[in-house]
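The values are calculated or read from the model by the stated rules, or taken from the named source; none is laboratory data. If you're wondering where the values come from, they're calculated on a predicted model, not measured in any experiment. Counting neighbours? That spans all protein chains shown, and the Cβs are built from the backbone with ideal geometry, glycine included.
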Amino acid sequence: MNLPSSSKDRHSGSVTAWTFCKALLSDHSFVVAAAILGLSAAGWTFTMDALHWSQMKTPVAWPAGVVVSEDFRWTNLPDRLGKYVLIDRRTNRQDPNTKADGEVVLDPETRDTLGVGRYEDAPRRAIRSSNWYSSRIYEDATWPLNSAFRFWQLDIIYYTGAAEKVEHVPDRCMVAGGYTPSGDRGKITCPASSVRGGWPASLDFVRAGFVKSGKNATPQGQEIAEYYTFILNGTGETSWERIRLHMATTPWEKHCYFAKIQFTPLEARGGQLKASLVSDLGACDRAAQSFVNAFLPEVLRSLPTSAKIDELNNGRNQK
């Protein structure tokens, strides 16, 4: 029987496919490997359930006393941190319809980009288990008005309940904004022993420098300095890559959070506060350490301790 060309093609394809399958099945190594992969895939869900492992992270409640507003801002970080005072030029500071100049309120689109205040956060806020942020500018009046170290912007973001990608770090965001790493990276170590609850004796902050070329280029010999660190389940961490790896590879750890703490010096230029142009990194590090010493105890008190995470993951405390 003469088959139409299309039928011949289908028949030829069927023969070729069958020949290929027979060849694979005759390869015992392939059969064993395929069987192992199949069993592994079928048994993964069972294994996760049997060991009480979780690929998703259960939200961790922040400590009682931390107030987070409906727009997911941490609102009761003190306005005064030692010699550092939240900028507030208002004539009527009791007016609830106004905010302090130093209180940075992010719009919903920006919050969404940062992963704060999304749909899953709304029901969790009432039980202290949503993501939140704080962005504030403090002033140290002991420095001259034109000093690079008079003003400081502090940004904190608390993430819990998901395997976040840790995308928003200076090393990535500054580059996306047209800056280039200057190559000047350093570290400052700040004491944390004054905070009770099992916090480490000290925490390290990364200092990353950036410059801009082309239009509005950074002047020669100057750079912008950004400082940051992370708190992962109550312990310090300076690598966003390790945070990401930890979140992705710890299925046995059901309860998890991390917080990013970031700050940068600002200076008055052209009637506005802009990122300081720093020429003396040693002086910048010393000024930065003074600022950290002022805010770190308050920030750490707003975060769950490692002991609390251990309790939750060991099933000793489900609150």
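Taken as a whole, the range 89-97 holds at least one residue that is modelled with pLDDT of 75 or more and in contact with an Asp or Glu (Cβ under 9 Å, 6 or more places away or on another chain). Being without any contact (Cβ under 8 Å) to a residue 60 or more places away in the chain, part of a loop (DSSP other than H, G, I, E, B) and within 18 Å of the chain's Cα centre (by Cα) is a condition met by at least one residue of the range 159-170. Of all residue pairs spaced 6 or more apart or on separate chains, those with beta-carbon atoms under 7 Å, a first member in the range 119-140 that is over 15 Å from Tyr257 (Cβ atoms) and at pLDDT 95 or above and a second member that is of a type in the set (Val, Ile, Thr) and outside any loop (DSSP other than H, G, I, E, B) are Ser134/Ile156; Tyr138/Val85; Glu139/Val85. Scanning the range 226-262 for residues that are surrounded by fewer than 17 Cβ atoms within 10 Å (Cβ to Cβ) and hydroxyl-bearing (Ser, Thr, Tyr) turns up Thr235, Thr238, Ser239, Thr249.
For the range 124-147, a tally of residues being touching a strand residue (DSSP E or B) at 6+ places or on another chain (Cβ under 9 Å), outside any strand (DSSP E or B) and under 30 Å from Ser290 (Cβ atoms) returns 6. I'd like to know if the range 238-251 contains one or more residues that are out of contact with any Ser or Thr (no Cβ under 6 Å at 6 or more places or on another chain) and within 21 Å of Ser135 (Cβ to Cβ). Checked the range 238-251: at least one residue is out of contact with any Ser or Thr (no Cβ under 6 Å at 6 or more places or on another chain) and within 21 Å of Ser135 (Cβ to Cβ). Scanning the range 52-88 for residues that are more than 30 Å from Asn314 (Cβ to Cβ), at pLDDT 95 or above, in contact with an Asp or Glu (Cβ under 8 Å, 6 or more places away or on another chain) and assigned to a loop (DSSP other than H, G, I, E, B) yields Leu77, Pro78, Asp79, Lys83, Ile87.
With the condition kept exactly as written, say whether any residue in the range 128-136 is under 30 Å from Lys215 (Cα atoms) and either surrounded by 15 or more Cβ atoms within 10 Å (Cβ to Cβ) or of a type outside the set (Asp, Glu) (or both). Steps first, please.
Step one: filter the range 128-136 for residues under 30 Å from Lys215 (Cα atoms), giving 135-136.
Still in the running and either surrounded by 15 or more Cβ atoms within 10 Å (Cβ to Cβ) or of a type outside the set (Asp, Glu) (or both): 135-136.
Checking the range 128-136: at least one residue is under 30 Å from Lys215 (Cα atoms) and either surrounded by 15 or more Cβ atoms within 10 Å (Cβ to Cβ) or of a type outside the set (Asp, Glu) (or both).
Just the residues that are among the hydrophobic types (A, V, I, L, M, F, W, C) and surrounded by fewer than 16 Cβ atoms within 10 Å (Cβ to Cβ), please, taken from the range 270-315. Scanning the range 270-315 gives Ala283, Ala307.
Scan the range 73-131 residue by residue and report those that are closer than 18 Å to Tyr158 by Cα and acidic (Asp, Glu).
The initial filter retains those residues of the range 73-131 that are closer than 18 Å to Tyr158 by Cα, namely 73-78, 103-131.
Listed by number, the residues that qualify are Glu103, Asp107, Glu109, Asp112, Glu120, Asp121.
Screening Gly178, Gly198 for residues that are touching a residue at least 40 places away in the same chain (Cβ under 8 Å), loosely packed, with under 15 Cβ neighbours inside 10 Å, at positive phi and part of a loop (DSSP other than H, G, I, E, B) leaves exactly one candidate, Gly198. Checking Asp95, Asp71, Asp121, Asp101 one by one, the residue that is out of contact with any strand residue (DSSP E or B) (no Cβ under 7 Å at 6 or more places or on another chain) and not assigned by TED's automatic domain parsing to the domain that holds Tyr257 is Asp71 and no other.
Has the range 204-211 got any residue that is without any contact (Cβ under 8 Å) to a residue 40 or more places away in the chain, in the same structural domain as Pro265 (by TED's automatic domain parsing) and in contact with an Asp or Glu (Cβ under 6 Å, 6 or more places away or on another chain)?
yes
Scanning the range 268-319 for residues that are more than 21 Å from the chain's Cα centre (by Cα), closer than 17 Å to Leu203 by Cβ and among the hydroxyl-bearing types (Ser, Thr, Tyr) yields one hit, Ser290. Among all positions in the range 204-223, there is no residue which is of a type in the set (Ser, Thr, Tyr) and part of a strand (DSSP E or B). Among the residues of the range 198-230, just one is under 25 Å from Ser135 (Cβ atoms), at pLDDT below 90 and in contact with a helix residue (DSSP H, G or I) (Cβ under 8 Å, 6 or more places away or on another chain), namely Trp199.
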